[in-house]
């Protein structure tokens, strides 16, 4: 383009022209700088019009022509807040001095293309895209802010970047070389409506010949602490630098008489490279001083006084000269809490304020300075502010806080005031200074804990005297006992876990200094369990406490992952192992919550290495173990509220005492044979690859258990060691893989036989059972017991109350010992408490029994009804129920089993809880949430109970932390090595072992049936009247168990009436004559009862004496008659 720059006279030029007239008004220094000729190209016009009407105009304000290609000039476009340019247009051609160069979208309209010097097919900008003019990769000018997306545009109205034209103001002589700062178009640009093109191709500029720089009073400091010893006056040329100040004089006026008291001639003084010149009283105390005057102290009066800059000689202002405006360039009138001085204020433009250097009471630490630096006009004070002094450099316009110092008297806030009496500080967000004693340095948590001395205790038991200091730079060599001063902001460290929120009051420090005081020992506060209330530990948050009791290790679930255990004053019984679900259990839960505290390890990382023994602080390994029930006495540390609970971060570990040692084998239960129940914790031979669902009968379920071959070996070795040590003749297995080919059961049997000898163990071959990925199973020792008949299964097809999509089907098998004594064992795994049963209308009743209690109860009722039918067809009444019933002993599923098939406790078909009978109320096989009880059961029916010689739970799992188990998924190598192929932590449930001394039934003779009438009901069940006698005499009333066609129809205990024995109940009436051994039985038949043919087998068991016979008869419809 050939258009010449349009020019107009600048305000600064006018100001300097007025200087010769006497009253000189000089514009701000920053304006003087913009009037200099441009040093490089810059963007002079930006068009973001309709459609593709987009263009950039570049102005050459220099005095030389510029070869764009040779200079490496480009237009770079940064789209949508990106930090890198996506569209780049290298420029070609030459732009003449004083001319412009237009770059346009090649699809722009004719009016733009007529002015274009270069077009491009590149994508052009929208209103929210930054546009850069660069030179050889260096930023020369920018429209917008790189790395920031403003939404739709920068600016407002016409002076914005969307759907507008903006042109550089004529006074702007240089580009914006900072692409990261805020972009406000109105400060340098003039806006026009969309599709305004009339100015394209020419640029108006006021940047012609250089103008004289403007000299302003930029900063002054007249007051310091005690003696004024660092006084100064700073002048600025607006950043031009190297300006000769000859011909100027600084004059000081005293407000007490409004006469001058000093004049400093500036002949020969020049501003420094940054445009500043400093006049000071003492160069030794004022940085960057250019003119050192006398005296060294108390040079500047403190007000009301004035500093004036004149174009004059110092000789024109002998001391005592009256205020004059002749030759005045700039002035400032100031005070330190003094009244305005009207005679001095004439030096300023009308309405300008006198500056109070002591505003806010900080005169000794601040100076009066123009903010921003060099801003405002001469003879105006409206941009002056009070900030930390900055002689000879750019006004920082900020307070420089003096270093924190214990020797300096500043307001101190007590920690108790910060903590307050609640869970959240009342001072969150406030800046405070505290002084207290270091009680703990928790390096791994990036926290230092400090606590007030006794003398600073507020005496309020609800407010803590300790607080956490999070982060910051610690003084070198900081130790416990050091008094520190901390300045920082109060905050709450908010965390949560399992839906429970925590809040730890902290100080985020800006400074921490150690005080030069003797070390102080803080005595720990005593904390005992149980706590008086749920908020008791809030009052000692971040305080040093000690736990003097012998506290029991009661929970260690998170020990492997977080290094933490739970302690309590005693082992806590699961509420529903002590109380029926309901109010009493709920109350026990609340009481247990008050009797627990987590001991952490002072570290925040997961799966920490090394693992720290919670009792003695040593490295936890196979030679330094702990078990549930062991005790810790005297642990000392800091109480914190984090991740859903209060916890102790130990500073001194206590005394550890082994109270619950391991045993090499289970307690002896006696008997000729033993039966065990063992949950083998997902023993799978199909490895869980974490991706493919290949397990279960349909091979479409997620696998469980071992993830890799090494884990399977470790798991197998532990389970084999446990079963070998138990040495039970029958073992009911729970949570074993439900393989299509029974591979897991076969693998376990083979592994046991490899250790114990070929043929030692065998398994009941069931194949898959149910649809789940796990099942129950039986293994046994053929040398001791023999399976009798086929196994039987209870699932939903047998009884719809048994929901086998929730429960695992029950497996029953009859075994006989060497003497022919028989027992039917039923192994169970009922629905867990952890997952929901809402889909079958059985939500958590919140009474302590957990999820799915109704599902488990109905399964238990179906179980005893099924067992009453002798499902294996053994003809033997002895039944043992074992397995993981997922119910504690006071819950309704156990009540239902104990009550037997007649649903009435205290009758002949009842079952006995063997763990309760032999181990007592505190029996347990499982620990959950720091509470113990038994989910794994052994229950014997009345017929079997007298043959039980003992029952025990072998505590090899529930008391052991899972850090020592087979799993290596998350552990560090060192923790993987804390493993032994022994029984301990082979599972999470303890095995239950029952001793039996089975009675072999004795058949004395045939049962004599005089008459039999059996009437079947329309919907199952029915009635039977049987009369007969036995060839045996009894002196007392025997138990009476009658079976018809192998189906037990009654099992009763009789009471004596004279010479007769009687049993009366809803299931029927039985009479037995002790003199004649004749009987009559009127019984209600179970709903599953059926008859297959015209001959019927009858069996009668009186005590342990069995009688049997077969009777011919005839049937008529649903009625059967026998002789």
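The values are calculated or read from the model by the stated rules, or taken from the named source; none is laboratory data. Note that the structure is a prediction, hence the values are computed from the model and not measured. Glycine also receives a Cβ, built like all others from the backbone with ideal geometry; neighbour counts cover every protein chain displayed.
One table, with the values for the structure above:
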| read-out | value |
| --- | --- |
| Residue match in region 878-899 (condition: part of a loop (DSSP other than H, G, I, E, B) and surrounded by fewer than 22 Cβ atoms within 10 Å (Cβ to Cβ)) | no |
| Region 583-619, residues that are closer than 16 Å to residue 972 by Cβ and either in contact with a helix residue (DSSP H, G or I) (Cβ under 7 Å, 6 or more places away or on another chain) or surrounded by fewer than 16 Cβ atoms within 10 Å (Cβ to Cβ) (or both) | 603, 604, 605, 606, 607, 609, 610, 611, 619 |
| Strands (runs of 3 or more DSSP E) enclosed by region 959-1025 - at least 2 residues per element that are without any contact (Cβ under 8 Å) to a residue 12 or more places away in the chain and surrounded by 14 or more Cβ atoms within 10 Å (Cβ to Cβ) | none |
| Test set (1) outside any loop (DSSP other than H, G, I, E, B); (2) surrounded by 22 or more Cβ atoms within 10 Å (Cβ to Cβ) - residue 542 fails condition number | (1) |
| Filter result for residue 532 (outside the structural domain of residue 476 (by TED's automatic domain parsing), on the phi < 0 side of the Ramachandran plot, out of contact with any strand residue (DSSP E or B) (no Cβ under 6 Å at 6 or more places or on another chain) and surrounded by fewer than 15 Cβ atoms within 10 Å (Cβ to Cβ)) | yes |
| Selection count, region 261-294, where residues are in contact with a helix residue (DSSP H, G or I) (Cβ under 8 Å, 6 or more places away or on another chain) and either without any contact (Cβ under 8 Å) to a residue 60 or more places away in the chain or under 21 Å from residue 312 (Cβ atoms) (or both) | 3 |
| Scope region 904-914; condition in contact (Cβ under 8 Å) with a residue 40 or more places away in the chain and either touching a helix residue (DSSP H, G or I) at 6+ places or on another chain (Cβ under 7 Å) or buried (at least 23 other Cβ atoms within 10 Å of the Cβ) (or both); matching residues | 908, 909, 911, 914 |
| Residue match in region 682-692 (condition: in contact (Cβ under 8 Å) with a residue 60 or more places away in the chain, within 21 Å of residue 963 (Cβ to Cβ) and under 40 Å from the mean Cα position of the chain (by Cα)) | yes |
| Any strands (runs of 3 or more DSSP E) falling wholly within region 1035-1123 and containing at least 3 residues that are touching a residue at least 40 places away in the same chain (Cβ under 8 Å) and farther than 16 Å from residue 1007 by Cα | 1047-1053, 1078-1085, 1119-1122 |
| Looking only at region 849-865, and only at residues there that are surrounded by 24 or more Cβ atoms within 10 Å (Cβ to Cβ) and over 14 Å from residue 806 (Cα atoms), the one that is farthest from the chain's Cα centre (by Cα) | 864 |
| Residue match in region 759-766 (condition: farther than 21 Å from residue 739 by Cα and either buried (at least 18 other Cβ atoms within 10 Å of the Cβ) or in the same structural domain as residue 746 (by TED's automatic domain parsing) (or both)) | yes |
| Some residue of region 705-720 being in a loop (DSSP other than H, G, I, E, B) and surrounded by fewer than 16 Cβ atoms within 10 Å (Cβ to Cβ) | yes |
| Failed condition for residue 83, given (1) buried (at least 16 other Cβ atoms within 10 Å of the Cβ); (2) in contact (Cβ under 8 Å) with a residue 12 or more places away in the chain | (1) |
| Region 87-121, residues that are within 19 Å of residue 140 (Cβ to Cβ) and assigned to a loop (DSSP other than H, G, I, E, B) | 91, 92, 93, 96, 97, 98, 99, 117 |
| Conditions (1) crowded, with 16+ Cβ neighbours inside 10 Å; (2) within 26 Å of residue 183 (Cα to Cα); (3) out of contact with any helix residue (DSSP H, G or I) (no Cβ under 8 Å at 6 or more places or on another chain); number of the one not met by residue 123 | (1) |
| Complete set of residues in region 635-658 that are exposed (fewer than 15 other Cβ atoms within 10 Å of the Cβ) and part of a strand (DSSP E or B) | 652, 655, 657 |
| Residue within region 659-681 that is under 29 Å from the mean Cα position of the chain (by Cα), outside any loop (DSSP other than H, G, I, E, B) and touching a residue at least 40 places away in the same chain (Cβ under 8 Å) present | yes |
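Conditions tested, residue by residue: (1) outside the structural domain of residue 334 (by TED's automatic domain parsing); (2) touching a residue at least 40 places away in the same chain (Cβ under 8 Å); (3) under 30 Å from residue 641 (Cα atoms).
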site	(1), (2), (3)
367	no, yes, no
372	no, no, no
375	no, yes, no
382	no, no, no
402	yes, no, no
423	yes, yes, yes
